[in-house]
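The values are calculated or read from the model by the stated rules, or taken from the named source; none is laboratory data. Please read these numbers as outputs of a predicted model, since none were measured by experiment. Cβ placement follows ideal geometry from the backbone for every residue including glycine, while neighbour counts extend to all protein chains displayed.
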Amino acid sequence: MGETITLTASDGHKLGAYLCEPEGQCRGAIIVVQEIFGVNVHIRDVAERYAALGYKTIAPALYDRIEKDFQTGYEPDDIAKGRDYKTLANDNLDGVMADMEAARAAVADAGKVAVTGFCWGGFVVWLAACRMDIQAASGYYGGGIIDFNNETPKCPTLLHFGERDHSIPLDDVAVIAKAHPEVEVNIYDADHGFHCDMRGSFNPRAANIAGMRTIRLFDNM
């Protein structure tokens, strides 16, 4: 359903992106932001699912500044490498946001643009909601949001967390929720990665509820 294209960021950096065109009438656009595992088979599948619902969807390869076309699975070595790359990416958030803006510009012809993402991508969703011209945002278990809690989303925003996610303390989630009453913060009986049906932590009920909340938001942006 999708194709890999090349985007050019404002600083001249070229990055890959997985683009999916909807069939029939277009409802708008969605940027799907990767986990630490790159634009792998799961992220491409998520993009294809949103396209099947009528959205022009793009998943930018935000690790291309570190390693071109990086994608991996979920074994311990994969997780370790993905975390190392996350650290490097976080050292250049201006580059990350430039790449996100390139992705937004590539689908802006579809109309209103929403963003969703998972894990590190959930953190990037928060920054996008606060800093970019987008119309809706839904971030899943984004570690690191607490460090940017002083920023405020400029669009309707949902956040999703698992109460058994040891990487994101519930105390931090409570601080985020208190500081941002305008943001809908949802907590599920689930672990980190509950949305990904290719991981052992996949929780179908939590994933379905979060997904329905997300598409309800996007359909009304």
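Residues in region 165-185 that are closer than 15 Å to Cys119 by Cα, of a type outside the set (Asp, Glu) and surrounded by 14 or more Cβ atoms within 10 Å (Cβ to Cβ): how many?
Step one: filter region 165-185 for residues closer than 15 Å to Cys119 by Cα, giving 165-169, 173.
Of the ones still in play, those that are also of a type outside the set (Asp, Glu) are 166-169, 173.
Those left that are additionally surrounded by 14 or more Cβ atoms within 10 Å (Cβ to Cβ): 168, 173.
Number satisfying all stated conditions: 2.
Does Glu151 satisfy being more than 23 Å from Asn92 (Cβ to Cβ), without any contact (Cβ under 8 Å) to a residue 40 or more places away in the chain and either surrounded by fewer than 19 Cβ atoms within 10 Å (Cβ to Cβ) or not hydrophobic (A, V, I, L, M, F, W, C) (or both)?
On the way: more than 23 Å from Asn92 (Cβ to Cβ): no; without any contact (Cβ under 8 Å) to a residue 40 or more places away in the chain: yes; either surrounded by fewer than 19 Cβ atoms within 10 Å (Cβ to Cβ) or not hydrophobic (A, V, I, L, M, F, W, C) (or both): yes.
It is false that Glu151 is more than 23 Å from Asn92 (Cβ to Cβ), without any contact (Cβ under 8 Å) to a residue 40 or more places away in the chain and either surrounded by fewer than 19 Cβ atoms within 10 Å (Cβ to Cβ) or not hydrophobic (A, V, I, L, M, F, W, C) (or both).
Going residue by residue through region 14-35, is there one that turns out to be assigned to a helix (DSSP H, G or I), aliphatic (A, V, I, L, M) and modelled with pLDDT of 95 or more?
Of the residues in region 14-35, the ones assigned to a helix (DSSP H, G or I) are none.
No.
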- [ ] Determine whether region 70-92 contains at least one residue that is within 17 Å of Asp219 (Cα to Cα) and out of contact with any His (no Cβ under 8 Å at 6 or more places or on another chain).
- [x] no
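Please go through region 74-100 and pick out each residue that is outside any helix (DSSP H, G or I) and touching a residue at least 60 places away in the same chain (Cβ under 8 Å). Walk me through it before giving the result.
Filtering region 74-100 for residues outside any helix (DSSP H, G or I) gives 74-75, 91-92.
The answer is Tyr74, and nothing else.
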Task: Subset of region 162-221 [free of Cβ contacts under 8 Å to residues at least 40 places away in the same chain, acidic (Asp, Glu) and farther than 22 Å from Gly73 by Cα] - done: Glu163, Asp171, Asp172, Glu182, Glu184, Asp189
Open item on the list: Every residue in region 46-73 that is assigned to a loop (DSSP other than H, G, I, E, B), touching a helix residue (DSSP H, G or I) at 6+ places or on another chain (Cβ under 8 Å) and among the charged types (D, E, K, R), please.
Closed with: Asp64, Arg65, Glu67
Task: Among (1) over 15 Å from the mean Cα position of the chain (by Cα); (2) part of a helix (DSSP H, G or I); (3) among the β-branched types (Val, Ile, Thr); (4) under 29 Å from Gly54 (Cα atoms) - the single one Ile176 does not satisfy - done: (4)
- [ ] Name the one entry in Ala210, Ala137 that is of a type outside the set (Val, Ile, Thr) and in a helix (DSSP H, G or I).
- [x] Ala210
TODO: Output the number of the condition that Met198 fails; it satisfies all remaining conditions of (1) part of a loop (DSSP other than H, G, I, E, B); (2) of a type in the set (A, V, I, L, M); (3) in contact with a strand residue (DSSP E or B) (Cβ under 7 Å, 6 or more places away or on another chain).
DONE: (3)
